[in-house]
Structures are given as structure tokens and as C-alpha cells.
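Q: Have a look at this one.
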Amino acid sequence: MKYILNNLITFKKTVNFKEIALCKIMTYNNICTINHLFVDKKYRNLNYGSELLKIVENHCIHNNIELINVTVHEDSLSNTRFFYFKNGYLINYKIDSKIHLTNCDDEYTLINMYKKLI
Ligand SMILES: CC(C)(COP(=O)(O)OP(=O)(O)OC[C@H]1O[C@@H](n2cnc3c(N)ncnc32)[C@H](O)[C@@H]1OP(=O)(O)O)[C@@H](O)C(=O)NCCC(=O)NCCS
């Protein structure tokens, strides 16, 4: 199988010449993975995250990328999976992680979500 790791791209959204959001993606064998999607706190819930995601999705469609996926933390305070649900993403799988360090134990759930584009 031919592995292609390319197109490490950052998309940015500006308002009044100020950068207020960014999305970093990478593509691999016609699959896009969102590494980061971040909106400046002062500009959240104004649809800028969804707008930037749409720009990324259109870029992928034009480059014959079939699927986008993203992994989010299941978090009781900031449930970003609902942001992705609202943008048409479905749950692919969940991973329950347990961390054991000398002075620190933690547990969290990662959720991988996807959207088929083509
Ligand atoms: C997640 C994030 C990118 C959303 O950006 P945003 O511009 O605030 O989102 P939008 O305004 O486009 O929201 C669209 C919908 O998703 C909902 N939504 C957005 N963030 C949400 C969250 N954290 N939890 C639950 N719902 C959320 C909004 O309420 C809105 O719903 P509505 O259409 O019913 O009003 C932004 O909150 C952020 O940068 N968070 C910190 C980084 C992060 O967690 N990134 C995601 C992991 S890659």
C-alpha cells in the first residue's frame, strides 16, 4: 500500500485583520484528520468555528478527500462533540483511557468522530 503523508495545512479566519480562529489538518490516503480547531474565546458561539470547518470541508471535497475525522475529549464542561454533531459528524469509536503516573492517576474518554464527504 502506498502511504502518502502530505498537506499539513493551517486554515485561519480573520475578522477586521485580526486572526480569531485556526484549523490545522493533515491528509493521509484521502482521509483528513483535524489536529486542532480553535476559536479565540471572545469570538465563540458566533458560528466562526462552523464557518472555518466548512472551508476545510470544501477544501477536502476539491481535493477528493473522502472522509474527515477528529478526536475530541469527552468533557463535562466543554462538550465539543456537540459542536461536531451540529456540523454533521458521527461517532466512530470511543476510547476509555486510564493514566497511571507515580503521583497522578487520571481517566478520560476520547471520542473519534467522522464525516463522509463523498
Ligand atoms: C469548539 C469550538 C471550535 C467551537 O467554535 P465556535 O465558533 O464557538 O462554534 P459555533 O459558534 O460554530 O457553534 C456551532 C454550534 O455548536 C455549539 N457548540 C460550540 N461549541 C460547543 C461546545 N464546546 N459544547 C457544546 N456545544 C458547542 C454551539 O452552541 C452552536 O450550536 P447552535 O447552532 O445550536 O447555536 C470552540 O469552542 C473552541 O475553540 N474550543 C476550544 C478548542 C476545542 O475544544 N477544539 C475542538 C477540538 S479539535
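Q: Just the residues that are loosely packed, with under 12 Cβ neighbours inside 10 Å and among the hydroxyl-bearing types (Ser, Thr, Tyr), please, taken from region 82-108.
A: Listed by number, the residues that qualify are Tyr93, Ser97, Thr102.
Q: Please work out which residue is farthest from Tyr84 (Cα to Cα), limiting yourself to region 13-25 and to residues that are in a strand (DSSP E or B) and more than 10 Å from the ligand (Cβ to nearest atom).
A: Lys18
Q: From the list Leu8, Leu67, Leu52, Leu22, which one is within 21 Å of Asn92 (Cβ to Cβ) and touching a strand residue (DSSP E or B) at 6+ places or on another chain (Cβ under 9 Å)?
A: The unique qualifying residue is Leu67.
Q: A further question follows. Can you name the number of the only condition in (1) in contact (Cβ under 8 Å) with a residue 24 or more places away in the chain; (2) more than 13 Å from the chain's Cα centre (by Cα) that Leu53 fails?
A: In the conditions (1) in contact (Cβ under 8 Å) with a residue 24 or more places away in the chain; (2) more than 13 Å from the chain's Cα centre (by Cα), Leu53 misses (2) alone.
Q: What strands (runs of 3 or more DSSP E) completely inside region 26-107 contain at least 1 residues that are more than 8 Å from the ligand (Cβ to nearest atom) and closer than 24 Å to Thr14 by Cα?
A: Strands (runs of 3 or more DSSP E) meeting the threshold: 31-39, 67-74.
Q: Looking at region 63-98 only, could you name the residues that are modelled with pLDDT of 95 or more and of a type in the set (Gly, Ala, Ser)?
A: Once the filter is applied, which keeps residues that are modelled with pLDDT of 95 or more and of a type in the set (Gly, Ala, Ser), region 63-98 yields only Gly88.
Q: Testing Phe17 on (1) hydrophobic (A, V, I, L, M, F, W, C); (2) within 12 Å of the chain's Cα centre (by Cα); (3) more than 21 Å from Lys115 (Cα to Cα), one condition comes back false. Which one is that?
A: Here Phe17 clears every test but (2).
Q: May I ask you to list the residues in region 64-81 that are surrounded by 13 or more Cβ atoms within 10 Å (Cβ to Cβ) and touching a residue at least 24 places away in the same chain (Cβ under 8 Å)?
A: Ile65, Glu66, Leu67, Ile68, Asn69, Val70, Thr71, Val72, His73, Glu74, Arg81
Q: Of a type in the set (S, T, N, Q), surrounded by fewer than 16 Cβ atoms within 10 Å (Cβ to Cβ), in a strand (DSSP E or B) and under 15 Å from the mean Cα position of the chain (by Cα): is that true of Thr10 in this structure?
A: Here the answer is yes, as Thr10 does meet what is asked.
The values are calculated or read from the model by the stated rules, or taken from the named source; none is laboratory data. Fair warning: this is a prediction, and the values are worked out from it, not measured in the lab. Cβ coordinates were reconstructed from backbone atoms using ideal geometry, including for glycine residues, and neighbour counts include every protein chain displayed.
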